[in-house]
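Here is the structure we will look at.
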Amino acid sequence: MTTYDDRASLTDLTTTAERVRRSIEGVIEGKPEVVRLSLTVLLAEGHLLIEDVPGVGKTMLAKALARSIDCSVRRIQFTPDLLPSDITGVSIWDQQRRDFEFKPGAIFAQIVIGDEINRASPKTQSALLESMEERQVTIDGQTYELPSPFMVVATQNPVEMEGTYPLPEAQRDRFMARVSIGYPGPEAELQMLDVHGGASPLDDLQPVAHAHDMVKLIDAVRTVHVAEAVRRYAVDLVGATRSHPDLRLGASPRATLHLLRAAKASAALSGRDFALPDDVQALAVAVLAHRLLPTAQAQLNRRTAESVVLEILQRTPVPAAQQPGGGFFGQQPPGARRL
């Protein structure tokens, strides 16, 4: 296991992230963009929502990420009868001590896997709100800090599936990004039959990074520079969702913050100490779409939140301010205008 100095460099970050990426891709074949987004969210101190139909590897991805890092991991199977105290914990009367003793729930881990989160009732889902935003849990007036790093990786089936509850807006807003794995290509599915046919590759998966190292890498991501023009570009993108005629709920200020944090992590994974508009563009759909609510008319016209975000990307001018060291910020998407 590699041990770093007190301050990790971008070289340390890219080296460790590459080891974790290869470890996960040994389990999830043919989905490099999904694996990269998972690492981006982890390094940006966010939470990841994996939404897709059953059987495409949602839980496998969450487990592969958790097992690739030497840290505490807890899994919660969300069911209709799950109670909030099963997640956060409960105070139990101790007869010998004649006092209440707190029994921590499953949320007290560094990586928490919430499997099929939308099969639990909204009351139980709300037990995650404080922990995901403030990284703490309050029980009977007592506040308990959660370990670091802390990440919730939740899976959910599409809301059209039987036995599911739609996630409340406040819950969705706490997830930094949403990703859909999708069906594998023919070659990847053939490879999956070879790899998974005899035994699960998760059984042989060993940690390739330590939680202590990940904390230092997260600190390194915080030092990535974001120019004023890039920050304003992110604000313009998020602001456009609040006035779009096809949306009845736009993205929150928390979404802007998440978009910038994710852009910094993406830049660091690319070996840069500064973020580009390209980083913001590449992450906009994953970070913003799940927070948006289309209007009834837009739904009748089969307009999705993803298509609205893509339209906003096309219409919003891309900054052309100089990056550190000279030159201009990345490439503009087709049809976009530069300031």
Every pair of residues 6+ apart whose Cβ atoms lie under 9 Å, when the first sits in region 91-106 and is of a type in the set (A, V, I, L, M, F, W, C) while the second is part of a loop (DSSP other than H, G, I, E, B) and surrounded by fewer than 10 Cβ atoms within 10 Å (Cβ to Cβ): 100/140; 102/140
Restrict the check to region 116-124 and report whether at least one residue is among the basic types (Lys, Arg) and out of contact with any Leu (no Cβ under 7 Å at 6 or more places or on another chain). yes
Are any of the residues in region 234-248 assigned to a helix (DSSP H, G or I), closer than 30 Å to residue 30 by Cβ, touching a Lys or Arg at 6+ places or on another chain (Cβ under 8 Å) and at pLDDT 95 or above? no
Test: residue in region 156-164 that is among the charged types (D, E, K, R), out of contact with any His (no Cβ under 9 Å at 6 or more places or on another chain) and not in a strand (DSSP E or B): yes
Say whether the condition of being closer than 23 Å to residue 36 by Cα and of a type in the set (Ser, Thr, Tyr) is met by at least one residue in region 182-191. yes
So which residues in region 17-35 are in contact (Cβ under 8 Å) with a residue 60 or more places away in the chain and either surrounded by 16 or more Cβ atoms within 10 Å (Cβ to Cβ) or within 11 Å of residue 192 (Cα to Cα) (or both), if there are any at all? 17, 20, 23, 26, 27, 28, 29, 30, 31, 34
Single unsatisfied condition, residue 266 versus (1) over 30 Å from residue 59 (Cβ atoms); (2) under 16 Å from the mean Cα position of the chain (by Cα): (1)
One residue is enough: does region 208-222 have a residue meeting the conditions surrounded by 16 or more Cβ atoms within 10 Å (Cβ to Cβ) and either polar (S, T, N, Q) or within 17 Å of residue 290 (Cα to Cα) (or both)? no
Taking residue 12 as meeting all but one of (1) over 14 Å from the mean Cα position of the chain (by Cα); (2) closer than 30 Å to residue 143 by Cα; (3) surrounded by fewer than 22 Cβ atoms within 10 Å (Cβ to Cβ), write down the number of the exception. (2)
Filtering helices (runs of 4 or more DSSP H) wholly in region 250-339 for at least 1 residues that are of a type in the set (A, V, I, L, M, F, W, C), buried (at least 20 other Cβ atoms within 10 Å of the Cβ) and at pLDDT 95 or above gives 253-269, 277-288, 305-315
Can you tell me which of (1) modelled with pLDDT of 85 or more; (2) farther than 20 Å from residue 176 by Cβ is the one residue 24 doesn't meet? (2)
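Which one is surrounded by the fewest Cβ atoms within 10 Å (Cβ to Cβ) among residues in region 165-180 that are part of a loop (DSSP other than H, G, I, E, B) and within 13 Å of the chain's Cα centre (by Cα)?
Taking the candidates together, the pick is 180.
The values are calculated or read from the model by the stated rules, or taken from the named source; none is laboratory data. Given the structure is predicted, the values throughout are model-derived calculations rather than measurements. Ideal geometry is used to build each Cβ from the backbone, glycine not excepted, and the neighbour counts take in all protein chains shown.
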